[in-house]
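Computed from the coordinates by the stated procedures, all read-outs in this text should not be read as laboratory data. Source: prediction; values computed, not measured. Here Cβ is always computed from backbone atoms with ideal geometry, including for glycine, and neighbour counts include all displayed protein chains.
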């Protein structure tokens, strides 16, 4: 099992299975657009937004379409997952 550890403010180290670890990731699509997590759907699927598309014409107005990770992958994949710190 792959794990990740966190150091809490109390100095204790908490080890979690990777699938339970908090996500601090962004996703980059094939055009270089960066997608960031913005919550979850009612069923618990990750919701993503692309706040600054590379192409200005892709910037919409009004409420964002409720993109899920699965929909973004299907429409704009392949996606590359990156640490939010490295972007």
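Listed highest first by mean packing, meaning other Cβ atoms within 10 Å per residue, what order do 45-53, 73-81 come in?
Numbers: 45-53: 16.3, 73-81: 12.6.
Highest mean packing first, the order is 45-53, 73-81.
Could you sort the peptides 56-69, 29-42 by per-residue average Cβ neighbour count (10 Å cutoff), highest mean leading?
Those peptides, ordered most packed to least, come out 29-42, 56-69.
Sort 25, 83 so the one with the fewest other Cβ atoms within 10 Å of its own Cβ comes first.
The most exposed by this proxy come first: 83, 25.
At q = 0.15, 0.17, 0.25 Å⁻¹, what is the base-10 log of I(q)/I(0) for segment 22-83 according to the Debye formula with one equal point scatterer per Cα and no solvent? Please give it to two decimals.
After summing over all Cα pairs, the log10 values are -0.42, -0.55, -1.17.
Calculate the FRET efficiency for residue 52 and residue 74 from the Cβ-Cβ distance with a Förster distance of 25 Å, rounded to the nearest 0.05.
After rounding, the FRET efficiency stands at 0.70.
With r defined as the distance between the Cβ atoms of residue 83 and residue 59 and R0 fixed at 25 Å, what FRET efficiency is calculated, to the nearest 0.05?
According to the calculation, E is roughly 0.50.
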